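Just so it is clear, none of the values below were taken in a lab; they were calculated from the coordinates. A quick note: this is a predicted structure, and the numbers were derived from the prediction, not measured. For neighbour counting, all protein chains shown are included, and Cβ atoms are generated from backbone atoms with ideal geometry for every residue, glycine included.
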Amino acid sequence: MKKRIVILLIIASFAIGVAAHNISFAEKQEQLQKQKTDDLYKELELFSDAVSIIRADYVEDKKSKDLIYGALKGMLASLDPYSQFMDPDMYSEMKVETEGEFGGIGIEITIKDDLLTIISPIDDTPAYKAGLKAGDKIVKIEGDTTKDLTLIDAVKKLRGKPGTDVNIIVLRESEKKLLEFKITRAIIKIASIKKAEMIEPGIGYIRLSEFQENTPKDLAEALKKLEATGLKGLVLDLRNNPGGLLDVAVDVGGKFLEEGKVVVSTKGRIESQNLEFKSRNNNNHLKYPMVVMINGGSASASEIVAGALQDYKRAILLGTKSFGKGSVQTVVPMLDGSAIRLTTSKYYTPKGRSIHGLGIVPDIIVEYEERPVKDKELDKEAALLEKLIEDKEKTEQEKADEKNKKELDNQILRAVDVLKGIVIYSER
């Protein structure tokens, strides 16, 4: 009996101890939270004092709104290159851009290593035609240095009325020299699919330039046409594709995966930012091998698709390492028409690989080779000679196929060779 009483007393003491510990822990958490709140109020008081001093003693009269906007811009810019404060005008510009048509030169830019860097020139735009390349560092715009220039301010300088010129100087590290460009602005219309065709019998090619709202529908139509003509292998070209909408990337990647597969996940500081995005397309395209092409201009949504197809061994990746833009930005509109663009999480491939700052490394590294510039007169003579000796028995289709092959660059040709090998092996 006494032994039982002793045991009960020990249990009761232990329970009281646990309860006391829980109360102590809760009190500590409350104290820490109170301390954080007190620290925040102290810092806000410091900010308020600074604003008051500026308004009272600065050489020029400044509006409170201008001071607050300036402080918000500096605060967001101090976080990372992608977080930004947008005043109402800037926010309106951003919304115009997402509609797919705007005035400018046609490049995607970021801040990398503290330098204004071109992620990718957009296909068939003034920047692309002028010869700007992914990785070029913009050091001057209209004679003004880009040092300490924010992304938003850089965009404002580069944009303008169609038909006007903008002068920029870029550092191209591969050539170790500064290059000057005079580019005429134009209305930038972005078509998500630039090309969808059979480049050889059984080998299809799709050039996807950006991930927009209409991309899944356009891609489905392109695949349907190619598959109807006997598609045995597909080259999906994501080179110089700067990205776009997350849900579109999930949809595009999901077209080539079984339903319910994780295409990408996001991880942030709070639980609600930890998400998985799975393939949800019932009409999957799984019957043929694929080569996905990437390079240093492939970023964000392009890297999501490439990383997922690589992780599941659904496609062979060919080209050069991608850009490494793997962070998620959330745009939060404010009451006065301004907005905050805030990095809230990072992208991870299905196998948990981080994309941000690292990029996606292809399975087969193939550097792009510039075609040698030939003398125009010699080109004419060669073309004439080729026409004279051309076999007259060749069909129009054979002639078209030969012409098309000459227009393909070395990376596409290598991708075609890889697919041919896979197709031949699988048929055997």
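Tabulated data
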read-out: Percent of Cα pairs exceeding the 13 Å cut-off, where the set is region 232-285; value: 65 percent
read-out: Convex hull volume per residue in cubic angstrom - Cα atoms of region 252-310; value: 86 Å³
read-out: Sorted peptide list for 246-253, 40-47, 223-230, 342-349, criterion being average Cβ within 10 angstrom, highest first; value: 246-253, 342-349, 223-230, 40-47
read-out: Dipole of region 152-287 [Lys/Arg +1, Asp/Glu -1 at C-beta], most positive-end residue of VAL170, GLY260, LEU223; value: VAL170
read-out: Approximate spin-label separation LYS147-VAL332, in nm, with each point projected 7 Å along Cα-to-Cβ; value: 3.4 nm
read-out: If the convex hull is drawn through the Cα atoms of region 101-189, its volume per residue in Å³; value: 83 Å³
read-out: Peptides 267-274, 314-321 ordered by average Cβ neighbours within 10 Å, highest first; value: 314-321, 267-274
read-out: Out-of-range pairs (alpha-carbon distance over 30 Å; input LYS182/LYS225; LYS147/LYS321; LYS140/LYS217); value: LYS182/LYS225; LYS140/LYS217
read-out: Packing-based order for 411-420, 69-78, 188-197, using average beta carbon neighbours within 10 Å, highest first; value: 411-420, 188-197, 69-78
read-out: Simple spin-label estimate for ILE53 and LYS321 in nanometres, 7 Å along Cα-Cβ; value: 4.5 nm
read-out: Cα gyration tensor shape for region 193-365, rounded if a/c is under 1.5, else prolate or oblate; value: prolate
read-out: Rounded to the nearest 20 debye, dipole of region 193-365 from Cβ charges on Lys, Arg, Asp, Glu; value: 340 debye
read-out: Additional length obtainable on full extension of the chain from ASN274 to LYS65, 0.36 nm per residue less Cα span; value: 71.7 nm
read-out: Computed over region 38-174, the ratio Rg/Rh where both radii use C-alpha atoms and Rh is Kirkwood; value: 1.06
read-out: Cα convex hull of region 134-264 - mean projected area over all directions, nm²; value: 11.2 nm²
